[in-house]
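The values are calculated or read from the model by the stated rules, or taken from the named source; none is laboratory data. What you are looking at is a predicted structure, and each value in this text was computed from that prediction instead of being measured. Counting neighbours? That spans all protein chains shown, and the Cβs are built from the backbone with ideal geometry, glycine included. What goes into the accessible areas is simple: the full protein's heavy atoms, side chains included, and nothing from ligands, DNA or RNA. Shrake-Rupley method; radii C 1.70, N 1.55, O 1.52, S 1.80 Å.
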Amino acid sequence: MNARILRFVCVVATTTCLSCQSDQPTVAGPSPSPPVVPASPAPAPSPAPGTPTTVTTDAQLFALIATTDPFAAYRLFPNADEIASGSSAHQPLVRSSMNAIAFSALHNGRLPAVAKFPDGSVVFKEVRANAEATTTYAVMFKSTSSPLAGGGWLWAELNPNGTIGYSISNRGSGCVGCHSLGLGLQNDLVRTFERQH
């Protein structure tokens, strides 16, 4: 029941009103303004037509990044170096990008406070032996309802030929711990934000 109805009940009944915490009858008068309810965040953008939000196999994830929503069309991670030194898990160099769904969640190149990436987002890292030679694709695919998700993401490392280095069936068990460090938790487990300038 809202506050106005409770006050009306108190006035009509002229008995103890627990919600008012008073033994006195409530006198009719102007009601206080209802509390201000913070605005709901804007709805997350919908995945682009043809972009699956359900991925259940490594082969489906590879098909997604290779053909359905090809990583060649992804945008570089904003305000970060195009090629950077890798982390302890991804050596020696990395190039980070994201699909249009993920990019649409950003404001001025950053994920807003308490925001999450929408389902269908891809954060894509090319692990490189040198500036030109990619050895591994480290992929985060947002799928919050998937039983294979760890922290709302599917995690995989795939070789450029499609073979599996780290399967989504591992549910991010080797990934979520590191991605929870630093600023990871406040950035929906995406730690590349720590590399922005």
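Quick one: Ser87 ticks every box in (1) within 17 Å of Thr134 (Cβ to Cβ); (2) modelled with pLDDT of 95 or more except a single one, so which number is it?
Ser87 satisfies all of (1) within 17 Å of Thr134 (Cβ to Cβ); (2) modelled with pLDDT of 95 or more except (2).
Which pairs have Cβ atoms under 6 Å, sit 6 or more apart or on different chains, and link a residue in the range 56-71 that is under 16 Å from Ile168 (Cα atoms) to one that is in a helix (DSSP H, G or I)?
Every condition considered, the pairs that remain are Asp58/Ile168; Ile65/Phe71.
Tell me, which residue of the range 152-162 that is part of a loop (DSSP other than H, G, I, E, B) and open to solvent by 50 Å² or more (accessible area, probe 1.4 Å) is farthest from Ser121 (Cα to Cα)? Don't jump to the end; show me each part of the working.
First pass over the range 152-162, keeping only residues part of a loop (DSSP other than H, G, I, E, B): 152, 159-162.
So of that shortlist, the ones also open to solvent by 50 Å² or more (accessible area, probe 1.4 Å) come out as 160-161.
Numbers: Pro160: 20, Asn161: 22 Å.
Applying the filter and picking the extreme gives Asn161.
Going through the range 63-92 one residue at a time, which ones are surrounded by 16 or more Cβ atoms within 10 Å (Cβ to Cβ) and among the basic types (Lys, Arg)?
Within the range 63-92, none qualify.
Which one of these is buried (at least 16 other Cβ atoms within 10 Å of the Cβ) and charged (D, E, K, R): Arg95, Arg195, Arg110?
Numbers: Arg195 fails: buried (at least 16 other Cβ atoms within 10 Å of the Cβ); Arg110 fails: buried (at least 16 other Cβ atoms within 10 Å of the Cβ).
Among Arg95, Arg195, Arg110, only Arg95 is buried (at least 16 other Cβ atoms within 10 Å of the Cβ) and charged (D, E, K, R).
Quick one: which residue in Ala115, Ala102, Ala138 is modelled with pLDDT of 95 or more, under 15 Å from Arg191 (Cα atoms), part of a loop (DSSP other than H, G, I, E, B) and hydrophobic (A, V, I, L, M, F, W, C)? Give the steps one after another, and end with the answer.
Numbers: Ala102 fails: part of a loop (DSSP other than H, G, I, E, B); Ala138 fails: part of a loop (DSSP other than H, G, I, E, B).
Among Ala115, Ala102, Ala138, only Ala115 is modelled with pLDDT of 95 or more, under 15 Å from Arg191 (Cα atoms), part of a loop (DSSP other than H, G, I, E, B) and hydrophobic (A, V, I, L, M, F, W, C).
Being of a type in the set (Ser, Thr, Tyr) and either more than 21 Å from Ser85 (Cα to Cα) or open to solvent by less than 40 Å² (accessible area, probe 1.4 Å) (or both) is the filter here; which residues of the range 135-151 pass it? Let's see the steps before the verdict.
Residues of the range 135-151 of a type in the set (Ser, Thr, Tyr): 135-137, 143-146.
Answer for the range 135-151, where residues must be of a type in the set (Ser, Thr, Tyr) and either more than 21 Å from Ser85 (Cα to Cα) or open to solvent by less than 40 Å² (accessible area, probe 1.4 Å) (or both): Thr136, Tyr137, Ser143, Thr144, Ser145, Ser146.
Given the structure, is Asn99 under 16 Å from Met140 (Cβ atoms), touching a residue at least 12 places away in the same chain (Cβ under 8 Å) and not charged (D, E, K, R)?
Working: under 16 Å from Met140 (Cβ atoms): yes; touching a residue at least 12 places away in the same chain (Cβ under 8 Å): yes; not charged (D, E, K, R): yes.
In short, yes.
Does Ser121 satisfy being buried (at least 19 other Cβ atoms within 10 Å of the Cβ), within 12 Å of the chain's Cα centre (by Cα) and hydroxyl-bearing (Ser, Thr, Tyr)? Talk me through it step by step, then tell me what you get.
Details: buried (at least 19 other Cβ atoms within 10 Å of the Cβ): yes; within 12 Å of the chain's Cα centre (by Cα): yes; hydroxyl-bearing (Ser, Thr, Tyr): yes.
Considered against the rule, which asks whether it is buried (at least 19 other Cβ atoms within 10 Å of the Cβ), within 12 Å of the chain's Cα centre (by Cα) and hydroxyl-bearing (Ser, Thr, Tyr), Ser121 comes out as yes.
Could you please let me know if Lys116 is basic (Lys, Arg) and more than 21 Å from Phe62 (Cβ to Cβ)? Let's see the steps before the verdict.
Working: basic (Lys, Arg): yes; more than 21 Å from Phe62 (Cβ to Cβ): yes.
When the stated conditions are applied, Lys116 passes them.
When you check Lys142 against the structure, is it over 14 Å from Phe62 (Cβ atoms) and in contact with a helix residue (DSSP H, G or I) (Cβ under 8 Å, 6 or more places away or on another chain), yes or no? Show your work before the answer.
On the way: over 14 Å from Phe62 (Cβ atoms): yes; in contact with a helix residue (DSSP H, G or I) (Cβ under 8 Å, 6 or more places away or on another chain): yes.
For Lys142, the condition - over 14 Å from Phe62 (Cβ atoms) and in contact with a helix residue (DSSP H, G or I) (Cβ under 8 Å, 6 or more places away or on another chain) - is met.
From the residues in the range 123-159 that are without any contact (Cβ under 8 Å) to a residue 40 or more places away in the chain and of a type in the set (A, V, I, L, M, F, W, C), which one is farthest from Val176 (Cα to Cα)?
Ranking the candidates gives Ala133 first.
Any residue in the range 176-197 that is without any contact (Cβ under 8 Å) to a residue 40 or more places away in the chain and hydrophobic (A, V, I, L, M, F, W, C) sitting within a Cβ distance under 9 Å of a residue that is open to solvent by 40 Å² or more (accessible area, probe 1.4 Å) and in a helix (DSSP H, G or I)? List the pairs, counting only those 6 or more apart or interchain.
Pairs found: Leu181/Arg191; Leu183/Arg191; Leu183/Glu194.
Give the range 152-183 a look and list any residue that's within 22 Å of Ile83 (Cβ to Cβ) and within 13 Å of the chain's Cα centre (by Cα), or say none.
Correct list: His179 only.
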